[in-house]
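Quick notes on the structure that follows.
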Amino acid sequence: LPISTNEVVIVQSDTSTVDDAEFEAFVTDLYGKLVALGPDIIRLNTLTNYYQSRDPFTVSQDRNATIMPIVMAGDFDDATSNVDDIIKVVDAANEDAPAGFKVFITGQAVIGNDFQTAGQEGIEKGEKFGVPIAFIILILVFGAVVAALIPIALAFISIIVALGAAALVGQLFALSFFVTNIIFMIGLAVGIDYSLFIIARYREERGRGLEKTDAIVRAGATASRAVLVSGLAVVLALVGMVLVPFNIYIGLGIGAILVVVASVMAALTLLPAVLSLLGDRINRLSIPLVHKAHARFDETRPGGFWDWISHKVMRRPVVSLVLAGGLLLVAAIPVLDLSTGFAGVSTLPDDFRSRQGFDILDEKFSAGNVTPVEIVIEGQIDSQPVQAAIEALKTKMASDPEGAFGQPHPPEINEAGTLQLLSVPVAGDSANVGAKKAIRRLHDEYIPEVFGDPPVARVYVTGETAYTMAFFDTAKKSVFYVFPFVLGMSFILLMVVFRSIIVPIKAIILNLLSVGASYGLLVLVFQKGVGEELGIFKQSDIIEAWIPLFLFSILFGLSMDYHVFLLSRIREHYDQTKDNAGSVAFGIRTTGRLITGAALIMVAVFWGFAAGDIVGLQQMGFGLGVAILLDATIVRMVLVPAEMKLFGKWNWYLPSFLNWLPDIRVEVKREETAPVSSD
């Protein structure tokens, strides 16, 4: 038996009750049209109406509404494809309905389709908001329209490649419909950023007088290496999500990994080809004032805002460290009230059909009709002991002290008579505390009592609530291996790249600070509703259960991006001068504008996607945007120079017993670049 997909058709009248002939005629006609869809669409033995069964649970207390529960044929994918046929019948019934009558539909497949629609609308909103803002920021960073267009074009190419790869993976493994949102969001963010850093380095080298090909080679030996290391850091962090044995984590992790890999490959292969073809024409359509400001900038000479702020911080490193670190710790405090769960259909906008149907169902009946507990009995179903146990179980559920269980749906039995599916509505939302307690009573008390020990048949409990409980338990356990994996891989990568054990330790601490602060602000804005009056984000009693682990993996990877770019310039200068403070100032001065621009692009992209209607995507986009903003400002521009100043030469300490590690540098010495005589 495939796991059932439950839909509910609701008929409501403002002028009649189910006892009226007009009501009966309308319901009977609608029932006939649903039956006519056939067994390929609906499991016909599960479809009934009040006038056939006379079951009181199918009629509302005020008797002006009735439900027709439907179990879809096939698996969930079949139901998702076929539910449109039922929707067409419902829409036609609404068009022909007598005055005062209204037909609603809600259920797992309808809800899933509406979430996909809302997700697609979120992508469109993200593109409309994020891409123009990113373009404006790129113009300010480069001072030329052509140079600003290249990163956006490469980002979209990477997204297309990743979507194609995800489609191939989807043939073997079911991916969450959120994967498209993730690919677009992460693809725009990292795809633009990676190209930005390489183009900036190419233009810097051209400004020093290198020939076009020499400048491309030099950018490849420096910025491209940083992109490769950064991309590797992001991928390693994302692998942490794939380790969690749940579809939503695996799907989102795979989608994000695919688009990061595509973005890195585009930056390392396609971008150098584009630079070779365009050469100095990337400076076409320059913006005069911005272009002149860039032309006057000389990284070899002190001066400017970023140089000034780095020296200010390093003059009082302890004070800077305490104030900035304290601010992030205070921002993280609300995380102590973090409450996770699944918001579900109630977070969809009111104009979605599944939300309207759900509200009517919840008001007049029970939302549990959409997400019943699914009890699978395996054994000789027609035997007397098994039948007696099944009836005893029904009696137990009917007399539940909390009244948590509704009238069981008609049972389904396979042809061999060895499996029976019993669907029983559970009162309230599938994710609430009452529903979870009811499932525990069913699993831990009722089933063992009536089926005996040894049991007369094997019994399995599944369904939406059981899935939610398993998800929470698995997510909590996953923390104990996902966190160590991500932290450990990040430590090893940074230790090898920078040949230091101090650098990765500090990087992990700083990243944990920014992640913690973003968690705290997430709770403050969504759970506590701070700023709700602005009408930007929806207040929610819970943070979506998949968000914390997801944010941790994504943010840890993306934070390493900026850390690698900044520290690589610091290390490059330190290797040449052995001047710690001067090298820190040099790194801040040469990357400050780029890191800030790159961060603002990511924030614009993430917050653009947060403008969608799905609260889970709002929380994800807001959390990512806030964390990147904190990371690129407070962490990179205050905490990093302060701690680098305090540690001095110990920043680059590597114990002698680790000298066997390969000397892999992000930034190579300038003399290592072989001269090229011509383009």
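The values are calculated or read from the model by the stated rules, or taken from the named source; none is laboratory data. Computed from a prediction, not measured in an experiment: that's the story for all the values here. Using ideal geometry, Cβ is built from the backbone for each residue, glycine included, and neighbour counts are taken over all protein chains shown. The protein model used for the area step is the full one, side chains on, heavy atoms only, and it has no ligands, DNA or RNA in it. Shrake-Rupley method; radii C 1.70, N 1.55, O 1.52, S 1.80 Å.
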Q: Could you list all residues from the stretch 403-414 that are open to solvent by less than 40 Å² (accessible area, probe 1.4 Å) and either of a type in the set (Ser, Thr, Tyr) or touching a Pro at 6+ places or on another chain (Cβ under 9 Å) (or both)?
A: Phe405, Gly406, Pro408, His409
Q: Enumerate the pairs (first residue in the stretch 627-655 and closer than 26 Å to Leu521 by Cβ and at pLDDT 85 or above; second residue anywhere and open to solvent by 10 Å² or more (accessible area, probe 1.4 Å) and of a type in the set (D, E, K, R)) with beta-carbon separation below 6 Å, excluding pairs fewer than 6 apart on the same chain, so at least 6 apart or on different chains.
A: Glu643/Lys506
Q | Counted residues, the stretch 456-485 - those being outside any helix (DSSP H, G or I) and open to solvent by 20 Å² or more (accessible area, probe 1.4 Å) | A | 6
Q: Kindly indicate the residue of the stretch 491-538 that is open to solvent by less than 20 Å² (accessible area, probe 1.4 Å) and among the polar types (S, T, N, Q) and also farthest from the chain's Cα centre (by Cα) among those meeting that condition.
A: Ser500
Q.
I'm told Ser158 meets every condition in (1) at pLDDT below 85; (2) part of a helix (DSSP H, G or I); (3) of a type in the set (S, T, N, Q) except one. Can you identify the failing condition by its number?
A. (1)
Q | Which listed residue is open to solvent by 20 Å² or more (accessible area, probe 1.4 Å), closer than 30 Å to Pro548 by Cβ, of a type outside the set (Lys, Arg) and in contact (Cβ under 8 Å) with a residue 40 or more places away in the chain, from Pro272, Pro245 | A | Pro245
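Take Leu168 and tell me if it is in a loop (DSSP other than H, G, I, E, B) and either without any contact (Cβ under 8 Å) to a residue 12 or more places away in the chain or of a type in the set (D, E, K, R) (or both).
No; evaluated as a whole, the condition is false for this residue.
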Q. Any idea which residue in the stretch 149-166 is most open to solvent (accessible area, probe 1.4 Å), counting only those that are within 16 Å of Phe197 (Cα to Cα) and among the hydrophobic types (A, V, I, L, M, F, W, C)?
A. Leu149
Q.
I'd like the residue in the stretch 568-578 that is at pLDDT below 85 and not basic (Lys, Arg) and, out of all such residues, is nearest to Arg225 (Cα to Cα).
A. Ser568
Q. Conditions: (1) at pLDDT below 85; (2) under 23 Å from Gly231 (Cβ atoms); (3) open to solvent by 30 Å² or more (accessible area, probe 1.4 Å); (4) among the β-branched types (Val, Ile, Thr). Val179 meets all but one. Number of the miss?
A. (3)
Q: Taking only the stretch 31-56 into account, find how many residues are touching a strand residue (DSSP E or B) at 6+ places or on another chain (Cβ under 7 Å), hydrophobic (A, V, I, L, M, F, W, C) and part of a helix (DSSP H, G or I).
A: 1
Q | Unique residue being within 29 Å of Asn49 (Cβ to Cβ) and either in contact (Cβ under 8 Å) with a residue 40 or more places away in the chain or open to solvent by less than 60 Å² (accessible area, probe 1.4 Å) (or both) when the list is Asp400, Asp382 | A | Asp400
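Could you say which residue among Gly279, Gly209 is at positive phi, in contact with a helix residue (DSSP H, G or I) (Cβ under 8 Å, 6 or more places away or on another chain), of a type outside the set (Asp, Glu) and surrounded by fewer than 19 Cβ atoms within 10 Å (Cβ to Cβ)? Full working, then the answer.
Details: Gly209 fails: in contact with a helix residue (DSSP H, G or I) (Cβ under 8 Å, 6 or more places away or on another chain).
Exactly one of Gly279, Gly209 is at positive phi, in contact with a helix residue (DSSP H, G or I) (Cβ under 8 Å, 6 or more places away or on another chain), of a type outside the set (Asp, Glu) and surrounded by fewer than 19 Cβ atoms within 10 Å (Cβ to Cβ), namely Gly279.
When you look at Ser583, is it in a loop (DSSP other than H, G, I, E, B), polar (S, T, N, Q) and surrounded by fewer than 23 Cβ atoms within 10 Å (Cβ to Cβ), yes or no?
It is false that Ser583 is in a loop (DSSP other than H, G, I, E, B), polar (S, T, N, Q) and surrounded by fewer than 23 Cβ atoms within 10 Å (Cβ to Cβ).
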(Q) Going through Val169, Val146, Val190 one at a time, which residue ends up being open to solvent by 30 Å² or more (accessible area, probe 1.4 Å), closer than 28 Å to Tyr249 by Cβ and modelled with pLDDT of 85 or more? (A) Val169
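I'd like to know if the stretch 73-88 contains one or more residues that are over 21 Å from Asp350 (Cβ atoms) and of a type in the set (Val, Ile, Thr).
Looking through the stretch 73-88, at least one residue is over 21 Å from Asp350 (Cβ atoms) and of a type in the set (Val, Ile, Thr).
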Q | Meets criteria (within 39 Å of the chain's Cα centre (by Cα), in contact (Cβ under 8 Å) with a residue 12 or more places away in the chain, farther than 24 Å from Leu421 by Cα and assigned to a helix (DSSP H, G or I)) for Asp85 | A | yes
**Q.** Residue count for the stretch 82-91, restricted to those that are open to solvent by 40 Å² or more (accessible area, probe 1.4 Å) and within 19 Å of Ala65 (Cα to Cα)
**A.** 1
Q: Restrict the check to the stretch 105-125 and report whether at least one residue is surrounded by 15 or more Cβ atoms within 10 Å (Cβ to Cβ) and assigned to a loop (DSSP other than H, G, I, E, B).
A: no
(Q) Within the stretch 588-604, does at least one residue satisfy the condition of being farther than 25 Å from Ile152 by Cα, open to solvent by less than 10 Å² (accessible area, probe 1.4 Å) and either touching a residue at least 24 places away in the same chain (Cβ under 8 Å) or not in a helix (DSSP H, G or I) (or both)? (A) yes
